[in-house]
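Taking it in order: structure first as structure tokens, then the write-up.
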Amino acid sequence: MHHFDVETLTPGRWRNGGGATREIASRPVGAEDFGWRASVADIDRAGPFSAFGGVDRTLTLLAGDGVLLTCPGVFERLPAREGEPVAFSGDLALSAELPDGGCRVLNIMVRRGYWTARVERVAGRVVPPSGHAGVFYVLRGRWQTGEDGHVLASGQGVWWDEDDSAPGEEVVPLSPDAVAMWADLTPLG
């Protein structure tokens, strides 16, 4: 498992100036046609979302009062609430509205036909399935990782490749208020 702290990841500004992204991991590394990508984005102002053709996205609000996503003719004002994943096609021409100011989101993207993603809010032990990749992001409380015993707090987490999983690797809650987001990434074929 590879550890990360969002506050130590280098932010990259969006081309449209509406926010910044901190990449957690992208596989393969540096590939424009990634198989999967995980990042945390700070959305500073309303505006268009970048389209990613052939990509399925799951967005989860981490902090702030919400982001409303719209796509005329497809769906209108699909709200994102804290810890509630919202899945949509990266092909859509989306606009984001921030009715109550900026927010922070977890963004999971997978190449359609090559990977699938299941993103869920968890409060109990997570054991990564063999052969899957994944991202685990702490919302609240304290968690401990598998055999290395590393303790994670809010804004920290771990990620792993499908080849990284080893027997005994798991993430367990250490405090009664422990809540996290888990993205289980499954390769197809």
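The values are calculated or read from the model by the stated rules, or taken from the named source; none is laboratory data. What you see is a predicted model; the values in this text were computed from it and never measured. Neighbour counts run over all protein chains shown; Cβ positions are idealised from the backbone, glycine included. Remember, those area values only see protein heavy atoms, side chains included, never the ligands or the DNA or RNA. Shrake-Rupley method; radii C 1.70, N 1.55, O 1.52, S 1.80 Å.
Structure notes:
- For the chain, the alpha carbon positions stretch 47, 38, 28 Å along the principal axes, listed from largest to smallest.
- For the stretch 116-159: accessible area per residue (Å², 1.4 Å): 44
- Working from label points 7 Å from Cα in the Cα-to-Cβ sense, the Glu76 to Val172 distance is 5.1 nm.
- Gain upon complete extension [Arg45, His3; 0.36 nm per residue less C-alpha separation]: 12.1 nm
- The mean of 1/r over all pairs of different alpha-carbon atoms in the stretch 82-170, once inverted, gives a Kirkwood hydrodynamic radius of 15.3 Å.
- The translational diffusion coefficient of the stretch 41-102, from Stokes-Einstein at 4 °C and 1.567 mPa s with a Kirkwood hydrodynamic radius over alpha carbon pairs, comes to 110 µm²/s.
- Take the stretch 1-114 with all the other protein chains still there, run a 1.4 Å probe, and you get 48 Å² of accessible area per residue.
- Taking a point 7 Å out from the Cα of Arg142 in the direction of its Cβ, the residues of the stretch 168-189 whose backbone N falls within less than 13 Å of it are 173-178.
- Segment Asp33..Val151, full-extension length gain: 39.1 nm, with 0.36 nm per residue of separation and the alpha-carbon distance subtracted.
- Mean separation of Cα pairs under 8 Å and 6 or more residues apart, divided by the residue count, gives the chain a relative contact order of 23 percent.
- Accessible carbon and sulfur surface of the chain relative to its total accessible area, %, 1.4 Å: 50
- Extent of the stretch 81-126 along its three principal axes (Cα atoms, max minus min coordinate, largest first): 33, 31, 11 Å.
- GluC sites (Glu not before Pro) lying in DSSP loop within the stretch 1-92, provided at most 15 other Cβ fall within 10 Å: Glu32
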